[in-house]
1. For the stretch 278-361, take N as its residue count and report Rg(C-alpha) divided by 2.2 N^0.38 Å.
2. For the stretch 408-450, what is the convex hull volume of the alpha-carbon atoms per residue, in Å³?
3. Kirkwood Rh over Cα pairs of the stretch 356-414 into Stokes-Einstein at 10 °C, 1.306 mPa s: D in µm²/s?
4. Calculate the FRET efficiency for E395 and I440 from the Cβ-Cβ distance with a Förster distance of 30 Å, rounded to the nearest 0.05.
5. Can you find, among N229, F373, Y97, the residue farthest towards the positive end of the dipole of the chain? Put +1 on the C-beta of Lys and Arg, -1 on that of Asp and Glu.
6. Compute the whole-percent fraction of alpha carbon pairs in the stretch 117-197 spaced more than 17 Å apart.
7. If you rank L295, L99, L104 by fewest surrounding Cβ atoms within 10 Å, what's the result?
8. Mind putting together the pair-distance distribution for the chain? All Cα pairs, 20 Å bins, whole percent per bin, short to long.
Amino acid sequence: MNQRTAKLMICIASLLIGCAVSVVAQDRGPVILDVEISDLDQFGVATRVGDFPTGRVSAGLLTESHNVGNINVDWFSAGTFGQPIDNRHPFIGQNIYRLREGRLEQIGLAWIKHGFLSVNDMCADDPGEFLGVGCFDVYGSFTNSNRQHLGPRSEINPLTGYWEPLGSHFDTGEVGYPAAFPGDGLRSHNTNFFPHDLLDHRIRFFDADVLAADTLSDLFMEGFYVVANDIDIENNFANRRLTGTPPPDAVSEWIFATSGPMDQQPLIDTWGDAVTTASPATEGKVRVAHRVVNLGPDLNRYEYNVFNMNLDRQIESISIPIGSGVVPADIGFNAPLEDEEFHYSQAPWTSAVSGGAIQWSAPAPNAGNNEEFPNTIRFGTMYTFWFTAAGSPVEVDVSLDQSKPGIEGALTAPVFAPCALLTDTNNDGVVDTADLGLLISQFGTAGPTSDFNDDGVVDTADLGLLIAEFGGSCS
């Protein structure tokens, strides 16, 4: 007889013999629903397609959750075949990253894992449909890569933790998007095997992307939980370093070992010169990190990472102010390939330099390829941007435009970007009377420093450029 059953029998016996049962309410303070990720381990390869080193690999990882709040948390299974689908459970995300030239890049991700049956370790509660207060629940790498429990990330609202079962992947099965037949709210998808291929839905990455890491110890896994009404999403994320051992032959698998302890924060928080949460964060959190790498006198590489923690509205473009004299080169972009949700475009973001800013944006979806949505930064996903330029690094605000409609406008976050004022002739970081004096002294000549438009003479056109920047500063 467990503790809960014993308590219930005592209460029933008291009622039967006519005893007064007094229930004294205890003031436990505010109700707190808070689930943390308490362990991250066992990055296990499942299958591969194609021979090493030109193939693609699927994997899963172990995650453990811990109820650190003061109420039970719903942990209901999505249901069995032919039965109504239940959406009262958490969701688990899985990612893999690398360092390349010291730059952090995401190279793979899995569909979202739907939780089921809490084992309730390290507490008095029995296994069941709730994660008890103080209890732990663990899913191994095999379970987290079981396609019976993996569904599209796009079906989840990461801010609210809500999932609509009707018409979902579990409702209509492996029929693609949009559904080939209407959903009825009864589970029709309930298998790990057929009709899945060897890679479907699991963490997926290319051999080449792992081999491109600085070293095979510069790899990382990341896990996170999405829990409805969770008071603190910061402790829902964790990362851990991996070391990869390549396959000994063309058809064997990678072996990954963890290195060091789990770190309970998003991986992006560990990288770069600074990381901040974009503002305002009322509709979800987006992390922005940057790094400035000196390449020589007055030349730097500027790197930026944008990680969507739980913003349902998604990010479709970013804009970074740069000085008018800045000429970016070696402009780059990286995003993990998520080619299973084919209604989302996979086209790389394009860059443009105009209006004193460098912008990256997701191209419009190609309707001819049945794409409905652009390649946005969705939750649990990180995109990387970089360029090289001359100039002095100064603090500016990057602007992040959201894809879905909502309350707030563009999000902003402080980063460093180059400033190189075209008419700052004496390179003191400000356009002022000293620069004007130099222009006047060279007026009507070829001018070694004040022919800003390179037409061979210092004239009123150059004066106009200086006046337009007058008072501009790199501070």
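Every number here is computed from the coordinates shown, using simple stated rules; none is lab data. Fair warning: this is a prediction, and the values are worked out from it, not measured in the lab. Cβ sites come from the backbone with ideal geometry, for glycine too, and all protein chains shown count toward neighbours.
1. 1.27
2. Details: hull volume 5.1 nm³, N = 43.
So the per-residue hull volume is 119 Å³.
3. Working: Rh = 14.4 Å.
Here the translational diffusion coefficient equals 110 µm²/s.
4. FRET efficiency, E395 to I440: 0.35.
5. Farthest towards the positive pole: N229.
6. Values: 1956 of 3240 pairs.
Result: 60 percent of Cα pairs exceed 17 Å.
7. Values: L295 12, L99 18, L104 23.
Ordered by Cβ neighbours within 10 Å, fewest first: L295, L99, L104.
8. 21, 46, 22, 9, 1, 0
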